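Novice: Input: one structure, supplied below.
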Amino acid sequence: MKKYGEMSKEELRSLKSELEHQYADVKAQGLALDMSRGKPGAEQLNLSMDMMKVLADTTDLKCETGVDCRNYGVIDGIPEAKRLLGEMSEVDPEHIIIYGNSSLNVMFDSIARSMTHGVMGNTPWCKLDKVKFLCPVPGYDRHFKITEYFGIEMINVPMTPEGPDMDMVEKLVSEDDAIKGIWCVPKYSNPQGYTYSKETVERFAALKPAAPDFRIYWDNAYSIHHLYDDNQDFLEEILSACAKAGNPNLVYKFTSTSKVSFPGSGIAAVAASKANLEDFRQYMQIQTIGHDKLNQLRHVRFFKDLEGLHAHMRKHADIIRPKFELVLDTLERELGGLGIGQWTKPHGGYFISFDSMEGCAKAIVEKAKEAGVVMTGAGATYPYGKDPKDSNIRIAPTFPSLEELGKAAEIFVLCVKLASVEKLLGNE
């Protein structure tokens, strides 16, 4: 098959007519398929159902220090939960605070606290003329929504397979004290599935920010979310790298069990230096008397230890690996060599990043919607929803069944072809 860009106008017109007939047939089927968010499917959620039984018919609801988990207290997490999430985060339990059900909630709170009360005694951001954040792009839309909500100016930093463009990060951070942070999804990044290289992590750890209250928001959401046992990405541990570089306070490392157990009913954690955690505890003492310790206990007794977590995640991988492979096989079979798109092939995480021809992403997503497939909005992977090239589309394969996903993938590639032909033909 010829590349679309090498076709004559006549060939493109003929192809367009053929594609339009296929598209009309698909629309007539009245499908309703959802690939809009990175949600686990029902089969994945079923893996954790026995967790609901581990505290049943027992009077032993005390944590290992003897605190009754049904009552108030233990503001920063029961010891065994700190140990489990510490293992998951690759840090000692003393560097962990356990929160409620959502790491995104903790990130929001961290920005809010920085706005109103400042970071470790520094000027509250709300009293500054300008506050800025660096945003690796394409990136996680919900990160960008938080900083946008607080009126923080967002600066795009291009992503590479090694991580963010560190030359740009180093230059901007060292020259502008209005830059207070950077969003990072360092392992199996959202949406590209990239993992930051050892050099990138070490350059992050060695940053010399102009702002004393600059922090790296290290959202390690997919730390144990591998698709393959024999082909896993490795991420250098950031806290130890920062300590080694003489910058122990530079990073907040977030994690949760949201896509391990139950999204919305998991447990979240922050790993950071002792000084940063003490800063967190000051507001926590006002905010809460303690998070859900029964849920913490439930998770610990179900997973037991890091090996229990890994064994559980292998079951997740067995469910979602065929979904990723189905989408990637469809993309390669239908679009390979046509010159109208390129895509990532991640080893883990929840997404595939697709880049269309420039100026086609919105049209592709809209056509898919009309044909019954809801996808993440074009532009969502950029601050303010503005993709400068209108080309990036986030594909989320996990939620639909394999049968539904197969249909959705076929519709998606059809929409890519049709939008690309229309783009090449201009206004004809």
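The values are calculated or read from the model by the stated rules, or taken from the named source; none is laboratory data. These numbers come from a predicted model, not from an experiment. We place every Cβ from the backbone using ideal geometry, glycine too, and count neighbours over all the protein chains shown. Each accessible area value is taken on the protein alone, full model and side chains, heavy atoms only, with ligands, DNA and RNA left out. Shrake-Rupley method; radii C 1.70, N 1.55, O 1.52, S 1.80 Å.
Novice: When Lys and Arg each count +1 and Asp and Glu each count -1, what net charge do the other residues less than 12 Å away from Val67, Cβ to Cβ, add up to? Walk me through the intermediate numbers first.
Specialist: On the way: positive: Lys62, Arg70, Lys293; negative: Glu64, Asp68, Glu80.
Surrounding charge for Val67 is 0.
Novice: Please determine, in degrees from 0 to 90 and to the nearest 10, the orientation of helix 361-370 with respect to the longest principal axis defined by the Cα atoms of the chain, where the helix direction is its Cα long axis.
Specialist: 80
Novice: At 0.36 nm per residue, and after removing the present C-alpha to C-alpha distance, how many nm does the segment from Thr58 to Arg314 gain when stretched out fully? Numbers along the way, then the final one.
Specialist: Numbers: separation 256, 0.36 × 256 = 92.16 nm, distance 2.93 nm.
Result for the pair: 89.2 nm of gain on full extension.
Novice: Taking the Cα centre of the chain as origin and charging only Cβ (+1 Lys, Arg; -1 Asp, Glu), how large is the dipole, in debye to the nearest 20? Intermediate values should be presented prior to the final figure.
Specialist: Details: 50 positive and 61 negative charges, 140 e Å.
The calculation lands at about 680 debye.
Novice: Compute the separation of the alpha-carbon centres of the stretch 238-311 and the stretch 179-199 and state it in Å as a whole number.
Specialist: 19
Novice: Only Cα pairs within less than 10 Å get springs; with that Gaussian network setup on the chain, which residue of Asp109, Asp57, Asp390 has the largest fluctuation?
Specialist: Highest fluctuation among the options: Asp57.
Novice: Oh, and also: If you rank Glu94, Glu403 by how much accessible surface each has, with a 1.4 Å probe, what is the order from largest down?
Specialist: On the way: Glu94 100, Glu403 130 Å².
The most accessible residue leads, giving Glu403, Glu94.
Novice: Let's see if you can work this out: charge +1 on each Lys and Arg Cβ, -1 on each Asp and Glu Cβ, no other charges. What is the dipole magnitude of the stretch 244-348 about its Cα centre, in debye to the nearest 20? Can you show the working numbers first?
Specialist: Values: 15 positive and 10 negative charges, 69 e Å.
In total the dipole reaches around 340 debye.
Novice: Sorted by accessible area with a 1.4 angstrom probe, largest first, how do Tyr149, Tyr252 fall?
Specialist: On the way: Tyr149 160, Tyr252 0 Å².
Ranked from most to least accessible, the order is Tyr149, Tyr252.
Novice: So, taking all protein chains as they sit and a 1.4 Å probe, how much accessible area belongs to Arg83, in Å² rounded to tens?
Specialist: Using a 1.4 Å probe on the heavy atoms, I get roughly 110 Å².
Novice: Can you tell me the length gained on complete extension of the stretch Glu94 to Asp230, counting 0.36 nm per residue apart and subtracting the Cα distance? Don't jump to the answer; show the numbers that get you there.
Specialist: Details: separation 136, 0.36 × 136 = 48.96 nm, distance 3.20 nm.
Stretched fully, the Glu94-Asp230 segment lengthens by 45.8 nm.
Novice: Under a point-charge model restricted to the Cβ atoms of Lys and Arg (+1) and Asp and Glu (-1), what is the dipole moment magnitude of the stretch 91-222 relative to its Cα centre, in debye to the nearest 20? Don't skip to the end; give the middle numbers.
Specialist: Numbers: 13 positive and 18 negative charges, 54 e Å.
It comes to approximately 260 debye.
Novice: Taking the Cα centre of the chain as the origin and placing charges on Cβ (Lys, Arg +1; Asp, Glu -1), which of Leu405, Gly118, His21 is farthest toward the positive end of the dipole?
Specialist: Going by the charge dipole, the pick is Gly118.
Novice: Restricting to DSSP loop positions (anything but H, G, I, E, B) with no more than 16 other Cβ atoms inside 10 Å of their own Cβ, which GluC sites (Glu not before Pro) remain in the stretch 1-68?
Specialist: Details: sites: Glu6, Glu10, Glu11, Glu18, Glu20, Glu43, Glu64; in loops: Glu64.
Counting only loop positions with at most 16 other Cβ atoms within 10 Å, the GluC sites (Glu not before Pro) in the stretch 1-68 are Glu64.
Novice: If you don't mind, another one. As I understand it, the value is the acute angle between the Cα axis of helix 274-287 and the longest principal axis of the Cα atoms of the chain; what does it come to in degrees, rounded to 10?
Specialist: 90
Novice: For the chain, with every protein chain kept in place, what is the accessible area per residue (1.4 Å probe, Å²)?
Specialist: 43
Novice: In addition: To the nearest 10 square angstrom, what accessible area does Thr344 show with a 1.4 Å probe?
Specialist: 20
Novice: Along the charge dipole of the chain, Cβ charges K/R +1 and D/E -1, which of Ile289, Pro383, Asn220 sits furthest on the positive end?
Specialist: Ile289
Novice: Now for a different question. Could you work out, for the stretch 159-199, what percent of all Cα-Cα pairs fall into each 10 Å distance bin, beginning at 0 Å and stopping at the bin that holds the largest distance?
Specialist: 27, 50, 23, 0
Novice: Separate question: Are there trypsin sites (Lys or Arg not before Pro) in the stretch 233-342 that DSSP marks as loop and that have at most 15 other Cβ atoms within 10 Å, and which are they?
Specialist: Numbers: sites: Lys244, Lys253, Lys259, Lys274, Arg281, Lys293, Arg298, Arg301, Lys304, Arg314, Lys315, Lys323, Arg333; in loops: Lys259, Lys304.
Those that pass, being in a loop and sparsely packed, are Lys304.
Novice: With N set to the residue count of the stretch 375-428, report its C-alpha Rg divided by 2.2 N^0.38 Å to two decimal places.
Specialist: Details: Rg = 13.5 Å, N = 54, 2.2 N^0.38 = 10.0 Å.
Scaled against compact globular proteins, the figure is 1.34.
Novice: Continuing with this model, one more query. Could you put Trp343, Trp218 in order of accessible surface area, largest first, with the 1.4 Å probe and the full protein assembly present? Show your work: numbers first, answer last.
Specialist: Details: Trp343 45, Trp218 0 Å².
Most to least solvent-accessible, the answer reads Trp343, Trp218.
Novice: A follow-up question, please. Name all residues of the stretch 217-261 having a backbone nitrogen under 13 Å from the label point set 7 Å from the Cα of Lys198 along its Cα→Cβ direction, giving them as ranges.
Specialist: Counting only backbone N, you get 234-237.
Novice: How many angstrom lie between the C-alpha centres of the stretch 1-59 and the stretch 353-428?
Specialist: 11
Novice: Compute the Kirkwood hydrodynamic radius of the stretch 1-160, taking the inverse of the mean of 1/r over all pairs of distinct Cα atoms, and give it in Å to one decimal. Spell out each step's value before the answer.
Specialist: Details: mean 1/r = 0.0451 Å⁻¹.
The Cα-based Kirkwood calculation yields 22.2 Å.
Novice: Of Lys62/Lys187; Lys127/Lys259; Lys82/Lys345; Lys130/Lys367; Lys39/Lys423; Lys259/Lys362, which pairs sit farther than 30 Å apart, going by alpha carbon to alpha carbon? It would help to have the intermediate numbers written out before the result.
Specialist: Values: Lys62/Lys187 35 Å; Lys127/Lys259 37 Å; Lys82/Lys345 34 Å; Lys130/Lys367 40 Å; Lys39/Lys423 32 Å; Lys259/Lys362 28 Å.
From Lys62/Lys187; Lys127/Lys259; Lys82/Lys345; Lys130/Lys367; Lys39/Lys423; Lys259/Lys362, over 30 Å: Lys62/Lys187; Lys127/Lys259; Lys82/Lys345; Lys130/Lys367; Lys39/Lys423.
Novice: I'd like the orientation of helix 293-303 relative to the chain: the angle between its Cα long axis and the longest Cα principal axis, in ° from 0 to 90, rounded to 10.
Specialist: It works out to around 70 degrees.
Novice: Another question about this same structure. Out of residues 5 or more away from Val373 or on other chains, whose amide H comes under 5 Å of its own, with H placed 1.01 Å from N in the peptide plane?
Specialist: When sequence neighbours closer than 5 places are left aside, the close amide H contacts are Leu33.
Novice: Would you kindly compute the Cα radius of gyration of the stretch 220-322 and its largest Cα-Cα separation (Dmax), both in Å?
Specialist: 16.0, 47
Novice: Two decimals is fine: what is log10 I(q)/I(0) at q = 0.13, 0.19 Å⁻¹ for the stretch 50-114, from a Debye sum with one equal scatterer on every Cα and no solvent?
Specialist: Here the Debye-derived log intensity ratios amount to -0.47, -0.92.
Novice: Sum up the charges of everything whose Cβ sits under 12 Å from the Cβ of Asn247, counting Lys and Arg as +1 and Asp and Glu as -1, but leave Asn247 out.
Specialist: Numbers: positive: Arg203, Lys208, Arg215, Lys244; negative: Glu202.
Here the charged neighbours net out to +3.
Novice: Just the Kirkwood number for the stretch 272-369, please: inverse of mean 1/r across all distinct Cα pairs, in Å, one decimal.
Specialist: Working: mean 1/r = 0.0546 Å⁻¹.
Evaluated over the stretch 272-369, this radius sits at 18.3 Å.
Novice: To the nearest 10 square angstrom, how much accessible area does Glu358 have with a 1.4 angstrom probe?
Specialist: Rounded to the nearest 10, the figure is 120 Å².
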